[in-house]
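S.K.: One structure follows; several queries about it will come next.
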There are 2 protein chains.
Amino acid sequence: MQQVGETQPTVAQQRVLDAAAACFGERGFHGTTTRDIAKQAQLSPAVLYVHYPTKEDVLYEISRAGHVAALEVLRAAAARGSTPTEQLGELAQDFALWHARSHAVARVVNYELGALSPAHHEQIALLRRQMEQVTREVLEAGLDSGEFAVANTSLTALAVLSLGVDVGRWFKTTGTWQPEDVAKHYRELALRMVLAH
Amino acid sequence: MQQVGETQPTVAQQRVLDAAAACFGERGFHGTTTRDIAKQAQLSPAVLYVHYPTKEDVLYEISRAGHVAALEVLRAAAARGSTPTEQLGELAQDFALWHARSHAVARVVNYELGALSPAHHEQIALLRRQMEQVTREVLEAGLDSGEFAVANTSLTALAVLSLGVDVGRWFKTTGTWQPEDVAKHYRELALRMVLAH
DNA sequence: CGACATGGTAAGCAAGCGCTCATGTTCTGA
DNA sequence: TCAGAACATGAGCGCTTGCTTACCATGTCG
């Protein structure tokens, strides 16, 4: 097979991707061997190369799918709210929720960009810029309506996203809080950062 | 020599540490070879083992010194302010400033914990708990005085630190903003998250 | 049936890895 | 002046790495 593009992965491919995402999320790309991935997937060491040409292509596919998912979370949240305040609240909440629930993939998405080939990195950078764009647009709408008051739109957009991103770093499923608790609280924190009063 | 403890590193040791920190910060611990470090330090591949028993010990020393420095930043900021509002402002500002200025070391500090040996990891975890402790105490002082109003002290402390931590991920020296600009803005964002009104 | 596509494996290769060791070289102090 | 400690190196060892190859099981379809 060895197709890697935008097509839907088969069941077997998804199994490799899931195993690799779990490993990459825990030990990082360079800390994970192809044998680790095979073991996690309960398959032979060679199975990776039946479906993907290189280990880096596996990373790219995980990163790409993860970024598409995260971007969709942001877009859906922004579309759901009827006011900028609602939009930013939903955005911050759902972004944090996704990072808590999918923290393995989230770690790959946010911390393994440097392991991508230059060509792949560029594709991913495109998606990341769109994520910032969506957030900035919600902030700008709130500034126009007078609901928000912030000194630096770009820097504040980064900060709103930072809150969510960093959840992926510290969140543990064995911890005290549920993903939903964290997300609800982060919605409030993000809104406080931007609201005028 | 091969001493790794709490003693001051010699000039030669510091040179190895600086080179390793630059490499680890850019490509991660597992993405960096001992030859990379030697090349960065403009020394022979074997030089690392003159001063440290293993590559992991170099990581530990960088991580330990980095955590001590970051903790000191937090403590100094908290000690400087005369009110909880001032304290948290200074804390958020200086923490972000440190992460912007020392973003290479900061990345090692925050993202390479998993590469430490269990024994070393435990030592570092001690320092990290103290960092959260300092932040929580400032928040609690502000709650007692009525200056702050937050629903969940621990989660809010995490969020305040998150803002700074994530600066280490995205900050580039070649970017638009200076470390001081980011830090000033982040002071405001952190204060907005916690202030009562 | 049998030709063939699909999905999987065991074994192993070349290269690069962390680390060692025998051997200088420089610095310090009696 | 020169012994000994401290610092540094070139060469290379044994092992692990990403990846390849030759081969096998299964199911589909004319």
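The values are calculated or read from the model by the stated rules, or taken from the named source; none is laboratory data. Everything numeric here is computed off the predicted structure, so don't read it as measured data. Don't worry about glycine lacking a Cβ; one is built from the backbone with ideal geometry, like all the others, and counts go over all protein chains shown. Side chains are part of the model used for accessible areas, which takes the heavy atoms of the whole protein and leaves out ligands, DNA and RNA. Shrake-Rupley method; radii C 1.70, N 1.55, O 1.52, S 1.80 Å.
S.K.: Give the relative contact order (percent, whole number) for segment A:55-129; include only Cα pairs under 8 Å separated by 6+ residues.
M.R.: Values: 51 pairs, mean separation 32.0, N = 75.
In percent, rounded to a whole number, it is 43.
S.K.: Taking 41 Å as R0, compute the FRET efficiency from the Cβ-Cβ separation of B:THR10 and A:ALA125 and round it to 0.05.
M.R.: E(calc), rounded to 0.05, equals 0.50.
S.K.: Calculate how large, on average over all directions, the projected area of the Cα convex hull of the protein assembly as shown is; give the answer in nm² to one decimal.
M.R.: Quarter of the Cα hull surface area: 20.4 nm².
S.K.: Also: Can you tell me, using C-alpha contacts under 8 Å and at least 6 residues apart, the relative contact order of chain B as a whole percent?
M.R.: About 25 percent, as a whole number.
S.K.: Return the sequence-ordered ³J(HN,Hα) values of segment A:149-164 in whole Hz as given by the Karplus equation 6.51 cos²θ - 1.76 cosθ + 1.60 applied to θ = phi - 60°, using x for Gly and Pro.
M.R.: With coefficients 6.51, -1.76 and 1.60, one gets 8, 9, 6, 9, 4, 4, 5, 5, 4, 4, 5, 4, 5, 3, 3, x Hz.
S.K.: Amide H of B:PHE148 versus every other amide H placed in the peptide plane: which residues, excluding those fewer than 5 positions away on the same chain, fall under 5 Å?
M.R.: Amide H neighbours of B:PHE148, under 5 Å, 5+ apart: B:LEU143, B:ALA196.
S.K.: Can you run phi through the Karplus equation (6.51, -1.76, 1.60; θ = phi - 60°) for segment B:74-86 and list ³J(HN,Hα) in whole Hz, with x for Gly and Pro?
M.R.: Those phi angles translate into 5, 5, 4, 5, 5, 6, 6, x, 9, 10, x, 4, 4 Hz.
S.K.: Determine the total buried accessible area between chain B and chain A, counting protein heavy atoms only with a 1.4 Å probe; round to the nearest 100 Å².
M.R.: Numbers: alone 10100 and 10100 Å², together 17520 Å².
What B and A bury together is about 2700 Å².
S.K.: Which of the GluC sites (Glu not before Pro) found in segment A:1-95 are in a DSSP loop and have at most 10 neighbouring Cβ atoms, other than their own, within 10 Å?
M.R.: Here the GluC sites (Glu not before Pro) that fit, given the DSSP loop and packing criteria, are A:GLU6.
S.K.: If you don't mind, there's one more thing I want to ask. At what distance in nm do the modelled label points of B:ALA149 and A:SER145 sit from each other, each positioned 7 Å from its Cα along Cα→Cβ?
M.R.: 2.2 nm
S.K.: Report, as an integer, the average count of C-beta atoms from other chains found within 10 Å of each Cβ along B:165-176.
M.R.: Mean shielding count: 3.
S.K.: Assuming a viscosity of 0.692 mPa s and a temperature of 37 °C, what translational diffusion coefficient in µm² per second does Stokes-Einstein assign to segment B:1-112, Rh being the Kirkwood radius over Cα pairs? Display every interim value, and only then the final one.
M.R.: Details: Rh = 14.9 Å.
After rounding, the answer is 220 µm²/s.
S.K.: Could you pull the Rg and Dmax for chain A, using just the Cα atoms, both in Å?
M.R.: 18.2, 61
S.K.: If you take the beta carbon distance between A:ALA79 and B:ALA46 as r and set R0 to 35 Å, what does 1/(1 + (r/R0)^6) give as a FRET efficiency, to the nearest 0.05?
M.R.: The pair A:ALA79/B:ALA46 has a calculated efficiency of 0.05.
S.K.: Among B:LYS55/B:LYS184; A:LYS172/B:LYS39; B:LYS39/B:LYS172; A:LYS55/B:LYS39, which pairs are too far apart, with a Cα-Cα distance over 31 Å?
M.R.: Over 31 Å Cα-Cα: B:LYS55/B:LYS184; A:LYS172/B:LYS39.
S.K.: Per residue of A:184-191, count partner chain C-beta atoms within 10 Å of its C-beta, then hand back the mean as an integer.
M.R.: 5
S.K.: I would also like to ask the following. Obtain the nm distance between the two label points defined at A:ALA69 and B:THR176 by a simple spin-label model: each point lies 7 Å from its Cα along the Cα-to-C-beta direction.
M.R.: Spacing of the two 7 Å Cα→Cβ label points: 3.1 nm.
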